[in-house]
Amino acid sequence: MSTHPRSRSGTVVAGRYALLEQVGAGGMGSVWRARDERTGDEVAVKVLGRPGSALLARFVREQAVRVRHPHVVAPHGWAAEDDLVVLAMELVRGGSVADLLREHGPLDAGTVALLVEQLLMGLGAVHAAGLVHRDVKPANLMLEATCDGGPHLRLGDFGVAAPVADRRFTTVPGAIGTDGYMAPEQARGAAPDPTQDLYAVGRVALELVTGLPPLEQREIPSHPLRPLLERLLVPDPEQRIVSAEAALRLLRRLPVPPPECPAVPDRLDRASTGAPGPGTPGADVVGWAAVAGLLTVIAGCLWVLLGWWA
């Protein structure tokens, strides 16, 4: 079987997921729009790239996440056949907050507040499940295609998520996350903690306000959301706001104007015209022998990881 991403169109994996169109690529491999042959629904699937130990760990972590919330998009299944291993999740058609920033620049205070509110609600559910996301950034904040309605944000990509305070998922002195969005203690290799995600929310919110990525951000400007940003971006985790729920309470007390709500288009609508997707070719997938070994390791890892919620 050819391993070029474009040649996989029409492939049905394990009799379940029909690959229709590549829509992107990421650290785990290529991302496809697919059809679930069992339900008839369109879904998104990640096609696993050539696995090393780090990629295997990300796959196991992400597929084990089972958080169900309107502002979270988490995997709901996986399948493997021959040289393909895929991770399936809901299809979100409006791109990401990173796309919104590229197209509109700094957003109005009301829209920023709405997006941050939805992100905090999603994180509240993730933290309540005993997990820390550890990679909150605009590219991982997906948007439903709402056109003329307000944006609907969904937190995705749980490839580096970890149980709260589980040192097995911490590498010292290495850091797990994205430079600039990580809390200072996370960058130093601290054990996973929900307040690290809250610091990242602050960095994302400041980027939405200023249009500047974290490494270019300076002081927090005068802004309706400044009181919240000051509490989120405290370098000392002991002084940082304690939870997503507390951050929500503060946000909802602030005098924020109504959102202007830029339109979020359906970025996958080109599928009906047969136009190619924006993704770049993903990494080569593993052969059958490697897949067999991979699935054996996954089964063993899941036996351990499911103890997170036991």
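Quick rundown of the values:
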| item | result |
| --- | --- |
| Potential extension, residue 226-residue 253 segment - 0.36 nm per residue separation minus Cα distance | 8.5 nm |
| Whole-Hz ³J(HN,Hα) from phi, Karplus 6.51 cos²θ - 1.76 cosθ + 1.60, for the stretch 29-45, glycine and proline x | x, 8, 10, 10, 7, 9, 10, 7, 5, 7, 10, x, 7, 7, 9, 9, 10 |
| Point-charge dipole on Cβ atoms (K/R +1, D/E -1) for the stretch 97-253, about Cα centre, debye to 20 | 320 |
| Highest-first arrangement of 178-185, 8-15, 94-101, where packing means the average Cβ count within 10 Å | 94-101, 178-185, 8-15 |
| Cα gyration tensor, the stretch 5-144 - rounded (a/c under 1.5), prolate or oblate | prolate |
| Residues whose placed amide H lies under 5 Å from that of residue 72, excluding near-sequence neighbours | 155 |
| Packing rank of 30-39, 207-216, where each peptide gets the mean count of other beta carbons within 10 Å, highest leading | 30-39, 207-216 |
| Relative contact order (%) - criterion: Cα under 8 Å, at least six apart; region: the stretch 97-253 | 26 |
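Read-outs: derived from the displayed coordinates by stated rules, not from any lab. Just so you know, these numbers come straight off a predicted model, no measurement behind them. Backbone-built Cβ (ideal geometry, glycine too); neighbour counts: all protein chains shown.
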